[in-house]
Amino acid sequence: MFADDEPSLQELMKLELPRLGHRVTVCPDGLTAIAALDKNTYDCIIVDLDMPGRDGIGVISHCKDVSPETEAVVLTGKSSMETAIAALRHGAFDYLTKPCKLVEIQALLKRVTEKRQLTQKCRALQHRVQSLEGTPRLIGNTPAMQKVRLLIEKVAPSNSTVLILGETGTGKELVARALHEQSTRASNPFVAINCGALPETLIESELFGHRKGAFTGADDHRVGLFEVANGGTIFLDEIGELPKSMQAKLLRVLESGEIRRVGENKTTQVDVRVICATHRDLQAMVAEEEFREDLMYRINPFEIYLPSLRERIQDVPNLARHLLARHRGKPQGDESLIAPDAIDVLLSHVWPGNVRELANVIEHATILCDSGPIRAEHLPQQLSSRQLQGAAKLRRGAISLRDLEMEAIQESLERNDGNKPKAAEELGISLKTLYNKLNQVSNLEQSA
């Protein structure tokens with residue numbers, strides 16, 4: 001925003017600032033500037049010190065109340081140190097003395113942009129450190145994991161939206177991080193958000209930000225995560241949990257690249273790569289009118305399926321050693337970290353909670369075994385001797401992995417009195433996946 005009572009300067013800024021790549025609102029006096037600040041948020045305001053209605057210092061003070069992150073610059077014909085000090089004390093970023101050249105304004109706006117970008121990167125780093133969990137890289141050499149790595153390598157350099165599919169706990173955020181780290185955006189922010197973890201009333205503000213006073217409890221101006229991720233990547237985990245009302249707004253952002261903060265009229269352009277993930281069947285949700293069909297097609301031009309742990313059971317020993325090595329700070333290739341009898345138990349388990357469950361098991365065992373190798377007796381009670389017997393049968397060919405999987409499903413159904421939705425939630429799979437697996441068994445029995 002540019003505020004000055006000189007008509008010639010107003011016309012000049014209306015013409016020249018857009019030519020230099022800036023969007024500008026020109027105000028003829030201080031009161032008009034304050035009214036504009038009450039309606040919209042600006043990256044920077046340039047205000048004349050002496051204006052009718054309200055002087056520049058008053059406009060800056062109001063700006064800092066309603067939009068603290070907006071940078072302010074004083075434009076004055078009084079080239080005195082007292083003027084500069086007064087402006088800085090009221091929160092001004094810098095000041096310019098009239099008459100000033102257009103190149104000086106452009107250089108100053110460039111510094112404002114650089115400062116805002118640095119602030120966004122710092123916020124994204126804080127967000128990343130707070131939310132980071134799980135292993136820092138993908139572990140596994142099975143064909144399924146080799147395919148995942150190949151797909152990441154192919155799509156990462158592009159700006160395509162990617163949809164990551166897989167059960168809960170398989171490590172979908174790790175795939176998203178790998179896509180970001182191998183892209184041209186790697187030096188810019190990576191921001192992750194779980195769409196199912198936020199109340200419906202707050203998710204719009206979390207994603208797009210809000211103005212002070214936009215709703216009850218909005219005591220400060222807030223920058224949304226799309227703006228924090230500007231220039232980088234935003235990861236929308238559990239996109240299937242996004243409320244229907246927000247799906248339309250997300251679709252508009254994906255199509256236009258523009259966001260609108262809650263309580264504002266103007267839009268803000270953002271350059272963000274979007275990666276989504278879900279454990280749910282979006283096709284089934286579309287059929288049941290729980291998910292917008294146009295949004296589903298918009299978020300999945302490229303899909304990556306992350307296999308469950310039971311689909312790559314051969315990776316369990318390496319994963320377990322890697323997780324244990326992280327706890328102890330030892331080389332992850334050290335096979336002595338876990339004893340053979342413990343490996344047998346780990347290989348026999350169906351892992352309904354996937355890698356997340358394995359991480360919890362290893363943490364439990366680490367506490368019990370002190371500094372020695374993990375043995376079978378250090379593992380949690382649910383990984384019992386019965387599962388060890390199942391592993392022995394599996395190695396002898398007496399029982400298949402599918403049989404072990406179905407055994408876990410039947411046990412979960414028994415514990416939940418036949419309640420399939422509760423059993424699916426306990427197993428960490430979708431209800432449709434549970435029905436599919438039960439139907440597969442039924443079909444095999446009928447064919448037999």
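Here are the numbers for this structure:
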| item | result |
| --- | --- |
| Selection count, region 188-218, where residues are polar (S, T, N, Q) and in contact with a strand residue (DSSP E or B) (Cβ under 9 Å, 6 or more places away or on another chain) | 3 |
| Lone unmet requirement of (1) under 30 Å from GLY240 (Cβ atoms); (2) surrounded by fewer than 19 Cβ atoms within 10 Å (Cβ to Cβ) for VAL361 | (2) |
| Given (1) within 23 Å of GLU311 (Cβ to Cβ); (2) at pLDDT 85 or above; (3) out of contact with any strand residue (DSSP E or B) (no Cβ under 9 Å at 6 or more places or on another chain), index of the condition GLU425 fails | (2) |
| Residues satisfying the stated conditions in region 248-276, i.e. at pLDDT 95 or above and of a type in the set (D, E, K, R) | ARG273 |
| Residue satisfying all of: in region 2-27; of a type in the set (A, V, I, L, M) and in contact with a helix residue (DSSP H, G or I) (Cβ under 6 Å, 6 or more places away or on another chain); nearest to GLN269 (Cα to Cα) among these | VAL24 |
| Test for SER256: is it among the hydroxyl-bearing types (Ser, Thr, Tyr), over 18 Å from ARG116 (Cα atoms) and either exposed (fewer than 15 other Cβ atoms within 10 Å of the Cβ) or touching a Phe, Trp or Tyr at 6+ places or on another chain (Cβ under 9 Å) (or both) | yes |
| Residue under evaluation LEU198, criteria (1) surrounded by fewer than 21 Cβ atoms within 10 Å (Cβ to Cβ); (2) touching a residue at least 24 places away in the same chain (Cβ under 8 Å); (3) of a type outside the set (Gly, Ala, Ser); (4) under 23 Å from CYS122 (Cβ atoms), criterion not met | (2) |
| Residue, nearest to GLU357 (Cα to Cα), within region 404-436, restricted to residues that are buried (at least 19 other Cβ atoms within 10 Å of the Cβ) and without any contact (Cβ under 8 Å) to a residue 12 or more places away in the chain | ALA424 |
| Residue match in region 354-371 (condition: part of a loop (DSSP other than H, G, I, E, B) and either touching a residue at least 24 places away in the same chain (Cβ under 8 Å) or hydroxyl-bearing (Ser, Thr, Tyr) (or both)) | yes |
| Out of THR161, THR184, sole residue that is of a type in the set (S, T, N, Q) and out of contact with any Phe, Trp or Tyr (no Cβ under 8 Å at 6 or more places or on another chain) | THR184 |
| Failed criterion for LYS110 (all others in (1) more than 31 Å from the chain's Cα centre (by Cα); (2) at pLDDT 85 or above; (3) closer than 30 Å to ALA229 by Cα hold) | (1) |
| Index of the failed condition, SER245 passing every other in (1) at pLDDT 85 or above; (2) in a loop (DSSP other than H, G, I, E, B); (3) surrounded by fewer than 19 Cβ atoms within 10 Å (Cβ to Cβ) | (2) |
| Matching option when the condition is closer than 16 Å to ARG260 by Cβ and not aromatic (Phe, Trp, Tyr), among ALA197, ALA192, ALA218 | ALA218 |
| Residue in region 248-277 that is farthest from ASP219 (Cα to Cα), counting only those that are polar (S, T, N, Q) and not in a strand (DSSP E or B) | SER256 |
| Search result, residues across region 277-327 that are small (Gly, Ala, Ser) and at pLDDT below 90 | ALA325 |
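Residue-wise test of (1) assigned by TED's automatic domain parsing to the domain that holds ILE57; (2) under 22 Å from SER61 (Cβ atoms); (3) surrounded by fewer than 19 Cβ atoms within 10 Å (Cβ to Cβ).
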{"site": "GLU6", "(1), (2), (3)": "yes, no, yes"}
{"site": "MET13", "(1), (2), (3)": "yes, no, no"}
{"site": "ARG19", "(1), (2), (3)": "yes, no, yes"}
{"site": "HIS22", "(1), (2), (3)": "yes, no, yes"}
{"site": "ALA35", "(1), (2), (3)": "yes, yes, yes"}
{"site": "ASP38", "(1), (2), (3)": "yes, yes, yes"}
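The values are calculated or read from the model by the stated rules, or taken from the named source; none is laboratory data. As the structure is a computational prediction, the values presented were derived from the model and not from experiment. Neighbour counts run over all protein chains shown; Cβ positions are idealised from the backbone, glycine included.
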